[in-house]
1. Checking residue 46 against (1) over 10 Å from the mean Cα position of the chain (by Cα); (2) at pLDDT below 95, which test does it fail?
2. If a residue must be within 16 Å of residue 267 (Cα to Cα) and exposed (fewer than 12 other Cβ atoms within 10 Å of the Cβ), how many such residues does the range 285-296 contain?
3. Quick check on the range 245-261. Is at least one of its residues without any contact (Cβ under 8 Å) to a residue 60 or more places away in the chain and aromatic (Phe, Trp, Tyr)?
4. Out of all the residues in the range 24-57, which are polar (S, T, N, Q) and surrounded by 18 or more Cβ atoms within 10 Å (Cβ to Cβ)?
5. Name the residue, out of 207, 257, that is farther than 24 Å from residue 93 by Cα and modelled with pLDDT under 95.
6. Just to be sure, is residue 81 closer than 30 Å to residue 55 by Cα, in a helix (DSSP H, G or I) and either of a type outside the set (Asp, Glu) or touching a Ser or Thr at 6+ places or on another chain (Cβ under 9 Å) (or both)?
7. For the range 58-76, indicate whether the set of residues that are in contact with a strand residue (DSSP E or B) (Cβ under 8 Å, 6 or more places away or on another chain), surrounded by 19 or more Cβ atoms within 10 Å (Cβ to Cβ) and in a helix (DSSP H, G or I) is non-empty.
8. Just to check your reading of the model, which residue among 75, 31, 63 is closer than 20 Å to residue 134 by Cα, in the same structural domain as residue 137 (by TED's automatic domain parsing) and over 15 Å from the mean Cα position of the chain (by Cα)?
Amino acid sequence: MKITLAPMEGVMDHHMRHLLTSIGGIDLCVTEFIRVVDLRLPAKVYRRLSPELHNGSRTPSGTPVRVQLLGQNPTCLAQNADKALHVGSDGIDLNFGCPAKAVNKSRGGAILLKSPEQLSDIVKAVRQAVPHHQTLSVKIRLGYEDKSLAIENAIAICEAGADELAVHARTKEEGYKPPAHWHWIAKIKDEINIPVTANGDIFNLQDAQRCMEISGCDRLMIGRGALATPNLANVIKGTEEPHNWSQILMLMLQYLDIQTQGDKEKYLPNRIKQWLTFMQIQQPNASVFLQHVRKIKTTSDMLNAIKAEQLKY
């Protein structure tokens, strides 16, 4: 089994990757996407989004980190893939799944799922820039408005030279509405000869087991589930029970400590609130605590609130 931490824009930054990989069980991280338009970006852009590049493209706990690129220009994406590898990325990931309106409007992300030919052109160009000893992975959804091109897209990506494919089991139009259509991942997996990673609605051990059974995949990608249950990777692998509320409060304090050593301290209260919002999925206490801290604006007040909450348990 291989578990990848999903690249969630504006959520799964290097601080969160640091925290979640320190818990264990995660085998690979993919960065938030780097938007590629028409320029070969400088090294500082990659290092800013992925400081792990200063550490052999590893988190402090040693988990590999792969840079993700998003764009629609094959030549420019190939040039930037080459740059990312020279800066030190552990392979390259291509984003054909982002559902954001602004991204799709500029012909990036999930909008490309309407054109298998364009997907193929991009992957072929990037493959030429990525040596075969380096992994070229691709992330897709099942389609844009519908699933009619799901298998054709996957075949195009595979035949163009991708090494791995991760599939979020919904279309762009379905967003994050349940259910995730894991049986479609099984259809895709039957048609291509590269490893397939299943993604979507994996929040607990039972979800993971059902996803693997239905999709036929032994590779999983977790995102919102990892935020809701921080040790979810270990839970899925059978080495731990899910963290309780007291353990999660301790992790929040660790996260505050990690972040205050960085450059985003003034945003910390909002990041904690954002995390609590995802946590509500599995933690009833998170919903109550979120209401309690909703108006907090300073890091010190948030720190005190978490410590006071700890005293209750």
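The values are calculated or read from the model by the stated rules, or taken from the named source; none is laboratory data. All of these numbers come straight from a predicted model, not from anything done at the bench. Neighbour counts run over all protein chains shown; Cβ positions are idealised from the backbone, glycine included.
1. (2)
2. 2
3. Among the residues of the range 245-261, not one is without any contact (Cβ under 8 Å) to a residue 60 or more places away in the chain and aromatic (Phe, Trp, Tyr), which makes the answer no.
4. 31, 50, 57
5. 257
6. Yes, satisfied.
7. no
8. Sole residue among the options that is closer than 20 Å to residue 134 by Cα, in the same structural domain as residue 137 (by TED's automatic domain parsing) and over 15 Å from the mean Cα position of the chain (by Cα): 75.
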